[in-house]
1. Does the range 152-160 contain any residue that is part of a helix (DSSP H, G or I), in contact with a Lys or Arg (Cβ under 7 Å, 6 or more places away or on another chain) and surrounded by 15 or more Cβ atoms within 10 Å (Cβ to Cβ)?
2. Which of (1) within 22 Å of Glu14 (Cα to Cα); (2) buried (at least 18 other Cβ atoms within 10 Å of the Cβ); (3) not hydroxyl-bearing (Ser, Thr, Tyr) is the odd one out, the single condition Leu136 does not satisfy?
3. So Leu305 fits all but one of (1) in contact with a helix residue (DSSP H, G or I) (Cβ under 7 Å, 6 or more places away or on another chain); (2) at pLDDT 90 or above; (3) part of a loop (DSSP other than H, G, I, E, B); what number is the exception?
4. Sort out which residues of the range 263-276 are buried (at least 18 other Cβ atoms within 10 Å of the Cβ) and closer than 21 Å to Val401 by Cβ, and write them in order of number.
5. When you check Asp142 against the structure, is it at pLDDT below 95 and farther than 30 Å from Leu25 by Cα, yes or no?
6. Are any of the residues in the range 76-90 farther than 27 Å from His239 by Cα and surrounded by fewer than 16 Cβ atoms within 10 Å (Cβ to Cβ)?
7. Could you run through the range 10-38 and say how many residues are farther than 16 Å from Leu73 by Cβ and assigned to a loop (DSSP other than H, G, I, E, B)?
8. Taking the stated definitions as given, is Gln413 modelled with pLDDT of 95 or more, surrounded by fewer than 17 Cβ atoms within 10 Å (Cβ to Cβ) and not aliphatic (A, V, I, L, M)?
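The values are calculated or read from the model by the stated rules, or taken from the named source; none is laboratory data. Just so it is clear, the structure is predicted and the values come from calculations on it, not from any experiment. All Cβ positions, glycine included, derive from the backbone under ideal geometry; neighbour counts span all protein chains shown.
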Amino acid sequence: MIHVYVGPTLPRDEPLLSDPSVRLLPPIRHGDLFDRAIADTDTVVIIDGLYHQMAALRHKEILAALARGTRVLGAASIGALRAAELHPFGMRGLGSIYRRYLTGELTSDDEVAVGQQPDDDQQALTWPLVNLRYILDLATQDGVVSTATATVLLDEFQAVYYPHRTTPALRAICHRHYATALTTWIHERRTTDPHFGDLKRLDALKALRAALSGLEPTPPIPANDLHWNTPYFRRWRAHFTTEHVDGLELPTRLRIGYQQIFDPDFPQVWHDHLDHLSRHPNDGETGMPLTERMTRLMGEDPSPLPAHVIFRTPADIHDETTVKRLLANESAPDRTSLHRYLTANDDARRTLPGFMPETIKDTEATHTLQQLWRCQPFELEDAAAARGFRSAAHAVDTIKVFMAGFLNDQNQQSEPATEAATDAH
């Protein structure tokens with residue numbers, strides 16, 4: 001399978017994208033390469049990507065894909081930029097724009113950036129600077145503008161912030177420098193060829209044809225030489241790991257987080273998890289029961305610290321056995337509630353301008369935790385640790401994701417009681 005991240009460099013109705021082996025995807029963004037649909041033997045073609053309105057694709061995400069054997073190609077836009085940066089590690093680049101980044105002729109992300117429609121149309125609203133460079137070269141060859149004028153115009157285009165490089169801005173700059181012949185020439189050429197001067201399109205098509213024809217495999221880079229498995233990468237992987245269960249696509253970290261918050265028996269689940277880690281350490285030593293390990297650590301202290309206070313290790317939710325252990329008490333209604341709570345966040349975003357779970361007040365989240373766990377404020381830190389949280393603050397941040405849905409449930413449960421009391425009177 002060939003997974004192609006594109007838009008707006010190529011329209012969705014581009015014939016090459018209709019090939020049965022192509023899985024057409026929107027512009028790539030941070031987290032997309034964690035998609036479980038991308039097999040180790042597949043090919044990924046990165047053309048366009050998002051970075052202004054959300055977090056951009058990280059280099060280590062590409063390195064991780066390369067390390068597991070996935071072939072990754074880049075061209076035209078952010079794909080060309082990333083390929084130039086990562087070609088020593090096995091990412092393959094194609095096209096003129098990639099070569100210019102590779103040689104240092106181009107250095108800025110600004111060269112390929114465009115503003116686009118804020119919807120699924122993915123239509124470019126501005127001119128990428130790299131296309132304007134290409135058009136000025138062609139115009140100079142055709143005698144439309146002099147080399148000196150082309151240099152001045154390019155400097156002017158480059159000085160404009162990329163979301164403002166619209167056609168009216170292009171015309172205004174040309175008019176200011178007595179180069180209206182250039183805009184007339186571009187209009188005439190684009191009347192006969194709507195894609196005239198679109199260097200990004202040419203490179204994107206080249207990459208697609210290469211992927212469809214089958215490229216010769218590049219020599220594999222040893223995974224140990226890629227240095228991608230950092231704490232940041234593991235955190236990203238945990239954030240984007242999902243599982244399809246009960247007909248729902250649910251984030252694994254939030255399934256576990258839901259149990260940590262709402263399962264009254266989760267402290268025992270976490271204790272069993274710590275005991276398992278104690279009996280099966282990853283340091284090659286012979287494991288031992290958690291109670292024995294605590295005795296060796298604390299001695300015969302009559303009031304030793306609990307294990308959850310000493311060992312605050314993050315759970316590896318990429319490990320299936322760990323996930324199964326931590327979700328031992330999860331039920332189908334739990335998963336349904338989680339989905340309902342996540343949907344409530346989406347509904348709140350549409351109806352409440354500026355709403356995000358993170359904007360919920362810490363005091364409200366803390367109060368809710370104290371009610372759920374039936375603990376006093378001074379007990380909250382220990383209660384959070386007993387449920388596998390790094391701290392009470394970590395627990396507060398986690399419950400915020402569920403607050404909108406949880407409060408909706410509480411309100412709906414109180415309404416029938418209110419109605420019944422009214423009827424009684």
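1. Yes, the conditions are met somewhere in the range 152-160.
2. Answer for Leu136: the failing condition is (1).
3. (2)
4. Listed by number, the residues that qualify are Asp263, Phe266, Pro267, Val269, Trp270.
5. yes
6. Yes, the range 76-90 contains a residue that is farther than 27 Å from His239 by Cα and surrounded by fewer than 16 Cβ atoms within 10 Å (Cβ to Cβ).
7. Qualifying residue count, the range 10-38: 12.
8. no
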